[in-house]
Ligand SMILES: Nc1c(/N=C/[C@@H](O)[C@H](O)[C@H](O)COP(=O)(O)O)[nH]c(=O)[nH]c1=O
């Protein structure tokens, strides 16, 4: 047995609650005494006990003299729950193993300092990269004060998202399409352009075999062309925010007031700039955004370089056609040197299809 073994379990617990702890990070914790696991836990929901509290509750008396593993530095400030650093001290543990420190500069290192001042041995950095990956949405939001953006495309082998006649359902297979819903569950909001609403009339809800959290639906719709009979308007299984430009009149907005779950966010500018949109979403505590296209919307996010993760599903079929749309439209980059350089994080078979996860190369 070693520290990595127990931290891997804590990371598995943290990964398992991805998407349900927002706006808090997903955290996992394991308590070990004489190489025996005596307690484990994860933060299940914002406002409820932190992972350490659950793990220490399970450990009971065995916590005394034990080691606690936690994927993120224990909190030292009074949030909606008392500080975990104080609880660890109170329960008289002897050692704390932390994967990564808190990115929030206000609290970073304070929990560690308090634990060390109380005489506990504190080791930091076991499985640090993995823990930062589990918290990537939360860390990005804290550091940049703007949502973590995942751009998703589903294309044929020749990069098309529809035929020249506009037919698109379906290009990728059942398994790949179900996989998309996992990302809907783990992101606070999902965004599409109004052309996708007009063409596909999507519901944009999370439909995995066991359900899942529905993301807030965001429609990029500069001139407010979202049809009143669209699913995103008539169905209230998730909030719908329609983002419009400053030329939309009160009269145009009035009919949408009949739908309580629909809100119109009017920006100061005539055409929606991605950066302005993201700021407005961050102000509404949207920490993560899943962009499902279409091509023009994807093009605007690419041009703004406002993408942290790219998920592409590729089906083994050729569609062709000069006029058939590809996954990223817009103006694009004239010079190769301006193209967005990526690192391929993973490439895996998904039934007959391929799923590729990529991230922009860190500059
Ligand atoms: N055409 C395809 C997709 N198309 C994605 C969007 O254009 C659809 O409007 C959206 O997924 C519909 O959302 P729903 O109503 O909630 O199911 N996405 C995919 O993964 N594979 C495809 O072959």
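The values are calculated or read from the model by the stated rules, or taken from the named source; none is laboratory data. Given the structure is predicted, the values throughout are model-derived calculations rather than measurements. Every residue, glycine among them, receives a Cβ derived from its backbone with ideal geometry; neighbour counts consider all protein chains shown.
Structure values in brief
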| item | result |
| --- | --- |
| Verdict on residue 79 being modelled with pLDDT under 95, over 30 Å from residue 340 (Cβ atoms), in a helix (DSSP H, G or I) and within 27 Å of the chain's Cα centre (by Cα) | no |
| Residue within the range 85-99 that is over 20 Å from the mean Cα position of the chain (by Cα) and under 19 Å from residue 140 (Cα atoms) present | yes |
| Meets criteria (more than 16 Å from the ligand (Cβ to nearest atom) and under 17 Å from the mean Cα position of the chain (by Cα)) for residue 273 | no |
| Neighbours by Cβ (under 8 Å, 6+ apart or cross-chain): first from the range 263-284, without any contact (Cβ under 8 Å) to a residue 12 or more places away in the chain; second part of a loop (DSSP other than H, G, I, E, B) and buried (at least 16 other Cβ atoms within 10 Å of the Cβ) | 276/267 |
| Lone qualifier among 222, 146 - being at pLDDT 95 or above and within 16 Å of residue 290 (Cβ to Cβ) | 146 |
| Residue check for residue 213: at pLDDT below 95 and more than 8 Å from the ligand (Cβ to nearest atom) | yes |
| Single residue of the range 196-210 satisfying the filter (touching a residue at least 40 places away in the same chain (Cβ under 8 Å) and out of contact with any helix residue (DSSP H, G or I) (no Cβ under 7 Å at 6 or more places or on another chain)) that is farthest from the ligand (Cβ to nearest atom) | 199 |
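Residue by residue, here is whether (1) more than 28 Å from residue 185 (Cβ to Cβ); (2) in contact with a strand residue (DSSP E or B) (Cβ under 7 Å, 6 or more places away or on another chain) holds:
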residue: 27; (1), (2): no, yes
residue: 31; (1), (2): yes, yes
residue: 43; (1), (2): no, no
residue: 55; (1), (2): no, yes
residue: 99; (1), (2): no, yes
